[in-house]
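Below: the structure, in structure tokens.
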Amino acid sequence: MIQVSNLTKDYGARRAVDGLNFEARQGEITGFLGPNGAGKTTTMRILTGYMPPTDGTATVAGFDIVKESLEVRKRVGYLPETVPLYTEMTVFSYLKFMADLRHLPDVDNVVSETLDMVGLLDRADGFIGNLSKGMRQRVGLAQALLHRPEVLILDEPTIGLDPAQIIEVRNLIREIGRERTVLLSTHILSEAQQICDRILIINKGKIVAEDTPENLQASLAGAQRVQIILRGQADKAVEEISGLAGVQNVILQGEDRLEFQYDIQNDIRPNVVRAVIKAKLDMLEMRTASLSLEDIFLQLTKDDSAESEE
């Protein structure tokens with residue numbers, strides 16, 4: 001489990017992480033979303049003992065990240081965005097080397113079991129330099145899992161992978177997340193929806209939203225999106241609908257269709273239908289769809305300057 005309270009990190013005059021408060025529970029995959037420069041990587045580096053915070057506290061698996069940093073490192077598996085691999089080594093020798101660094105007992109069996117866990121047992125004798133990017137990512141996951149950590153922190157684990165490799169790595173993360181605490185950062189919003197139990201959206205060092213993907217879509221959006229298809233004259237329908245109370249953001253999408261939003265607490269669709277009929281227009285279809293996670297993300301982070309993280 002991860003518990004973070006008022007976590008802050010300054011780089012000189014720039015505040016990269018600004019008073020974060022959140023928790024990630026055991027048996028849960030928590031997605032960490034945000035634009036470049038939002039503070040995701042900095043937060044992960046602090047939680048893994050790579051750097052100290054400027055202020056605030058955090059515990060990982062019950063241990064303080066500053067006062068008990070070595071205990072934290074024993075219980076955390078970390079996969080950074082750029083996986084630290086030695087390409088001239090074989091998969092087995094690299095993992096054996098990493099296991100020796102952690103002073104693990106029965107190293108050969110531990111490495112073999114981990115390779116089996118990530119589906120690389122048949123590649124044990126292959127050189128890392130000859131592996132595909134997806135396979136290298138699996139090797140990175142293997143080194144993070146060698147010591148059977150209670151907490152797994154993954155920074156952009158599927159970046160640069162092809163669609164087949166992404167599916168493989170996602171399935172592996174889902175399997176791992178059943179027993180461990182997993183904190184995962186990603187830029188791929190569909191990925192967060194598919195594999196994360198809970199999502200944190202961070203912007204300019206602050207958490208701006210936190211909930212399950214479903215609840216974020218239902219509650220944070222606060223509006224329902226509706227598309228209307230007509231038999232032509234959609235521009236005339238825009239004029240009629242725009243004047244109705246409760247209708248927001250009416251957009252003409254072509255000669256025969258338009259889109260608008262309304263407050264989910266006040267369903268004004270019957271009024272829209274009556275207005276279209278009164279204008280003697282033929283409505284062929286009306287369909288609704290909740291705002292997507294991508295819509296919510298863009299709305300919450302639209303003012304971000306997209307600076308690169310240090």
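The values are calculated or read from the model by the stated rules, or taken from the named source; none is laboratory data. Here the structure is a predicted model, which means the values were calculated and not measured. Reconstructed Cβ throughout: ideal geometry from the backbone, glycine too, with neighbour counts over all protein chains shown.
Among the residues of the range 77-96, which ones are within 21 Å of LEU152 (Cβ to Cβ) and at pLDDT below 95?
Answer for the range 77-96, where residues must be within 21 Å of LEU152 (Cβ to Cβ) and at pLDDT below 95: GLY77, TYR78, LEU79, PRO80, GLU81, THR82, VAL83, PRO84, LEU85.
Taking ILE202, is it out of contact with any strand residue (DSSP E or B) (no Cβ under 6 Å at 6 or more places or on another chain) and assigned to a strand (DSSP E or B)?
yes
Taking GLY160 as meeting all but one of (1) closer than 29 Å to LYS74 by Cβ; (2) modelled with pLDDT under 90; (3) in a loop (DSSP other than H, G, I, E, B); (4) out of contact with any Leu (no Cβ under 9 Å at 6 or more places or on another chain), write down the number of the exception.
The failed condition is (1).
Keeping to the range 171-197, report how many residues are among the charged types (D, E, K, R) and touching a Gly at 6+ places or on another chain (Cβ under 7 Å).
Selection size over the range 171-197: 2.
Within the range 122-142, does at least one residue satisfy the condition of being surrounded by 15 or more Cβ atoms within 10 Å (Cβ to Cβ) and hydroxyl-bearing (Ser, Thr, Tyr)?
Taking every residue of the range 122-142 in turn, none turns out to be surrounded by 15 or more Cβ atoms within 10 Å (Cβ to Cβ) and hydroxyl-bearing (Ser, Thr, Tyr).
Would you be able to say whether some residue in the range 24-40 is touching a residue at least 12 places away in the same chain (Cβ under 8 Å), part of a strand (DSSP E or B), of a type in the set (Asp, Glu) and in the same structural domain as GLU210 (by TED's automatic domain parsing)?
Scanning the range 24-40 turns up no residue that is touching a residue at least 12 places away in the same chain (Cβ under 8 Å), part of a strand (DSSP E or B), of a type in the set (Asp, Glu) and in the same structural domain as GLU210 (by TED's automatic domain parsing).
Can you name the condition, by its number, that ARG25 falls short on among (1) closer than 17 Å to ILE153 by Cα; (2) among the basic types (Lys, Arg); (3) more than 21 Å from the chain's Cα centre (by Cα)?
(3)
Select from the range 99-135 the residues that are of a type in the set (Lys, Arg) and closer than 16 Å to TYR78 by Cβ and list them in ascending order.
Passing the criteria: only ARG102.
Tell me, which residue of the range 41-63 that is on the phi < 0 side of the Ramachandran plot and assigned to a strand (DSSP E or B) is surrounded by the most Cβ atoms within 10 Å (Cβ to Cβ)? Show your work before the answer.
Let us first name the residues in the range 41-63 that are on the phi < 0 side of the Ramachandran plot, namely 41-48, 50-55, 57-60, 63.
From the residues that got through so far, the ones that are assigned to a strand (DSSP E or B) too are 55, 57-60, 63.
Working: ASP55: 12, THR57: 14, ALA58: 23, THR59: 18, VAL60: 28, PHE63: 18.
Filtering the range 41-63 for residues that are on the phi < 0 side of the Ramachandran plot and assigned to a strand (DSSP E or B), the one surrounded by the most Cβ atoms within 10 Å (Cβ to Cβ) comes out as VAL60.
Report whether or not LYS67 is assigned to a loop (DSSP other than H, G, I, E, B) and of a type in the set (Lys, Arg). Spell out how you get there, then give the answer.
On the way: assigned to a loop (DSSP other than H, G, I, E, B): yes; of a type in the set (Lys, Arg): yes.
Judged against the criteria, LYS67 is a match.
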